[in-house]
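Inspection log for the structure reproduced underneath, given as structure tokens.
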Amino acid sequence: FFESTHVSSLKFLLDLVADTLDNDLDIIQNYREHDEEQHELPSTLHVFLPHRDRGRPFNKKKAKQVSDRQVVNSIAEILIWSRTTHAMNNQTFMDCYESFLANKNDNKSNLFILQTVIRSLRKQLNGFARSQGFMLSDQFQLVNGELLTMNQVARGKAGDLSNLTSLAVKKKDDVVLELIRARSEFGKTDKYSSVNELIEFAVKANASPEQLQRLHISRVKGTLEHVRALVKACEKSVMISSMENSKSNHVTAILVAAAMSKWNVSTDEETEDTMKVKLEATSSSTTVKLFIGGVRTEMSSFQDVLALLNDAALGLVKNESDAPSFMNQDGIATTKAVMNVIDRHLQDSEALLLITSADIQLPLDILKSLTTRGCTVHCHDSDGIGKRLLRESAQKGDITISLAWDTTDDLDLHVILPNKEEISFSHKTSTSFPCMLDVDMNVGGESKEPIENVFAGNLEEMIEAPRGHYTVIVQNYAYHERGASREKLAIPFRVVIETNGVKETFHGQCQGTGPRSNVKVHEFNYQGRTVPFPAEENLITAFSTSNMVNLTASTGQTLESLCRLVKTVQELEHLDTVRVLLDEEENVDESTFERPLTAQHGTLEVTSRDRTTMLLARLPLRFHMIVGEAFGGPSLVETCAMDISRQMVAENIPISELKRNGYPDGIVEAVKSQMAKTEPVL
């Protein structure tokens with residue numbers, strides 16, 4: 001099996017993991033508790049390894065079934081541990097492994113013995129790790145934080161501190177909250193991990209004592225400084241617009257605009273009642289315009305940012321008076337809304353960052369106008385429901401109902417049809433109508449970004465959904481998240497219902513399990529289609545296409561997603577620069593040259609596809625070497641072309657210069673290919 005060159009990279013990784021595990025077990029076996037000169041500690045790799053229990057259902061719904069994920073983890077577990085010295089030195093393990101490979105005797109019994117030996121080795125690693133450390137959150141629960149020190153909190157890890165903060169907020173422990181905030185004095189500034197976390201904490205801080213507000217201010221500052229460190233100057237000015245009645249979209253827009261603005265945040269010594277903030281000019285030359293709810297919003301200080309974030313988190317940001325004219329009934333931006341923003345506010349050669357939950361569909365004449373004017377439009381969905389549906393290959397019907405939440409708990413979507421038939425995990429397909437539940441997640445608590453989906457009718461075949469009364473219910477089947485008093489914990493969710501091309505979003509929360517946790521989300525009467533079925537050729541949207549010129553998209557509300565978003569303008573500007581350099585025609589007048597609306601394969605343009613290629617090229621060199629070893633590495637020509645392409649982009653040298661200087665066609669083509677993969681200098 002391992003002789004194939006196509007799996008050499010897998011063999012390399014397995015050997016690397018096995019060597020690490022052997023080294024960790026050696027450290028444990030040779031560990032001397034009171035030896036002050038012994039500093040080496042084992043890694044935590046064993047925590048992340050696949051094992052037989054990963055993917056196992058935790059509730060009765062599928063308790064007797066073995067999931068594909070569990071099978072894969074069991075195989076991977078044996079592949080890894082069979083390469084360790086500690087496992088192979090166990091005679092029982094080696095005998096069963098050889099018998100298992102030869103398909104002798106009872107393979108089920110052999111598999112059980114192999115897993116038992118592996119579990120004993122994992123137990124050694126887990127036990128040693130627990131003996132060497134103690135979670136701050138566990139210590140807080142035992143002694144109410146009385147023995148926690150600044151040194152302990154300063155060395156705390158992000159996940160542990162997040163749990164500690166939640167516990168301290170619940171118990172209103174101002175001393176512990178101050179310790180967490182004061183970590184910044186040790187160079188350990190806290191950051192929010194996601195937009196939703198910021199919103200939830202801001203709401204708590206608004207109704208809590210001053211200490212919690214001070215911690216909120218410190219975390220906003222840390223988040224802003226972290227994102228801002230990635231921003232570089234761009235020639236394009238940027239317009240950021242969040243037109244919808246969405247807390248997460250508004251907060252995303254505010255944070256991105258603040259990160260890209262020209263002023264810096266730094267703190268003076270704190271007084272007893274506030275945190276003073278002063279501004280310092282930065283080297284960024286990017287001009288930023290922010291529109292919230294259709295209104296131009298100015299930010300010239302950190303206090304402005306805090307005030308805007310507070311209003312957005314509390315739902316106090318209102319759209320302009322005429323906003324309902326270009327919003328649907330649930331406040332989701334329409335194509336007309338975007339066209340109004342482009343016509344009224346977007347200047348030539350300007351970039352528009354549109355924070356929206358709608359999959360915007362722009363007419364071809366608007367796209368052509370944007371290309372001619374040198375403008376780019378980047379759509380970002382801070383919720384990411386659309387991305388989850390795409391990830392799970394969810395189908396879309398005449399009526400589409402989607403449930404999303406952000407925990408590993410097992411929420412279930414129930415839809416009662418006009419004939420009183422109930423679609424759910426126990427009855428996924430209707431016996432009377434074209435209606436089914438095609439995505440059912442978190443049976444075993446496998447995802448923190450789950451989605452469930454029910455569709456009725458068929459868009460592709462132009463089949464209408466049954467007419468009549470629909471009822472949408474959400475139920476919590478089982479808790480999977482760790483934590484105390486789980487039965488009292490409410491699980492927030494949102495449901496998107498799409499009919500006749502219009503999306504409505506509903507928010508709620510489930511508490512408890514089973515029927516007593518049922519939440520009736522919405523009831524509606526469907527009277528049939530009022531708009532034509534969409535034609536396939538018209539479905540040119542930001543999130544569903546990858547080759548539209550100057551129309552790109554992204555999703556996410558995590559801190560990492562925000563960091564990627566603030567770098568988007570620079571990446572798009574870089575792609576446009578390289579596109580010009582790759583133009584082989586000499587003396588091309590860019591003002592009269594008509595660019596295509598869709599990019600062909602083999603050409604470089606400002607598209608989501610080319611942006612993805614550029615991001616892949618940014619992966620570490622070792623990654624490319626391993627992939628190259630498995631699937632064929634770069635040739636000498638390609639290696640040289642990499643260096644030449646980077647120099648040409650850095651010095652703004654067009655590709656035509658290579659031909660003029662007599663380089664062979666093969667070299668020119670190789671350099672062209674590599675230039676399309678270069679990244680902007682950060």
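The residue pairs whose first member lies in the stretch 508-520 and is among the basic types (Lys, Arg), whose second member is open to solvent by less than 40 Å² (accessible area, probe 1.4 Å) and modelled with pLDDT of 90 or more, and whose beta carbons are closer than 7 Å, counting only pairs six or more residues apart or on different chains, are LYS520/THR471; LYS520/ILE473. Is there a residue in the stretch 167-178 that is modelled with pLDDT of 75 or more, under 27 Å from the mean Cα position of the chain (by Cα) and either more than 26 Å from ALA307 (Cα to Cα) or in a loop (DSSP other than H, G, I, E, B) (or both)? Yes, the conditions are met somewhere in the stretch 167-178.
What residue, among those in the stretch 409-425 that are open to solvent by 20 Å² or more (accessible area, probe 1.4 Å) and in contact (Cβ under 8 Å) with a residue 40 or more places away in the chain, is farthest from GLY457 (Cα to Cα)? By that ranking, first place goes to PHE425. Taking the stretch 227-261 as the range and being touching a Ser or Thr at 6+ places or on another chain (Cβ under 8 Å), open to solvent by 60 Å² or more (accessible area, probe 1.4 Å) and at pLDDT 70 or above as the test, only LYS232 passes.
The set of residues in the stretch 89-106 that are touching a helix residue (DSSP H, G or I) at 6+ places or on another chain (Cβ under 6 Å), open to solvent by 40 Å² or more (accessible area, probe 1.4 Å) and not aromatic (Phe, Trp, Tyr) comprises ASN90, MET94, ASN105. Restricting the first member to the stretch 96-118 and to residues that are assigned to a loop (DSSP other than H, G, I, E, B), and the second to residues that are surrounded by 12 or more Cβ atoms within 10 Å (Cβ to Cβ), the beta-carbon pairs closer than 7 Å and six or more apart or on different chains are ASN105/SER99.
Selection of the stretch 488-534 for residues being surrounded by 18 or more Cβ atoms within 10 Å (Cβ to Cβ) and either polar (S, T, N, Q) or in a helix (DSSP H, G or I) (or both) yields THR499, THR505, SER517.
Residues in the stretch 376-396 that are touching a Leu at 6+ places or on another chain (Cβ under 6 Å) and open to solvent by less than 40 Å² (accessible area, probe 1.4 Å): THR376, VAL377, HIS378, CYS379, HIS380.
Against the numbered list (1) within 23 Å of ASP576 (Cα to Cα); (2) modelled with pLDDT of 60 or more; (3) open to solvent by less than 50 Å² (accessible area, probe 1.4 Å), LYS368 comes up short only at (3). Picking from residues in the stretch 1-26 that are open to solvent by less than 40 Å² (accessible area, probe 1.4 Å) and at pLDDT 85 or above, the one that is farthest from GLN115 (Cα to Cα) is ASP24. Here is a check on your reading of the model: is PHE58 at pLDDT below 75, surrounded by 14 or more Cβ atoms within 10 Å (Cβ to Cβ) and assigned to a loop (DSSP other than H, G, I, E, B)? Yes, satisfied.
For the stretch 469-490, a residue qualifies if it is touching a strand residue (DSSP E or B) at 6+ places or on another chain (Cβ under 9 Å) and modelled with pLDDT under 85, and the qualifying residues are HIS480, GLU481, GLU487, LYS488, LEU489, ALA490.
Condition check ((1) at pLDDT 80 or above; (2) surrounded by 15 or more Cβ atoms within 10 Å (Cβ to Cβ); (3) within 30 Å of GLU200 (Cβ to Cβ)) across all residues:
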position: ARG296; (1), (2), (3): yes, no, yes
position: MET299; (1), (2), (3): yes, yes, yes
position: LEU346; (1), (2), (3): yes, yes, no
position: LEU364; (1), (2), (3): no, no, no
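Among the residues of the stretch 229-254, count how many are over 22 Å from ILE342 (Cα atoms) and in contact (Cβ under 8 Å) with a residue 60 or more places away in the chain. Here the count works out to 5. Inside the stretch 298-312, can you point out the residues that are closer than 14 Å to GLN213 by Cα and touching a residue at least 24 places away in the same chain (Cβ under 8 Å)? Within the stretch 298-312, GLN303, LEU306, LEU309, ASN310 qualify.
The values are calculated or read from the model by the stated rules, or taken from the named source; none is laboratory data. For clarity, every value in this text was computed on a predicted model and none was experimentally measured. Cβ coordinates were reconstructed from backbone atoms using ideal geometry, including for glycine residues, and neighbour counts include every protein chain displayed. Remember, those area values only see protein heavy atoms, side chains included, never the ligands or the DNA or RNA. Shrake-Rupley method; radii C 1.70, N 1.55, O 1.52, S 1.80 Å.
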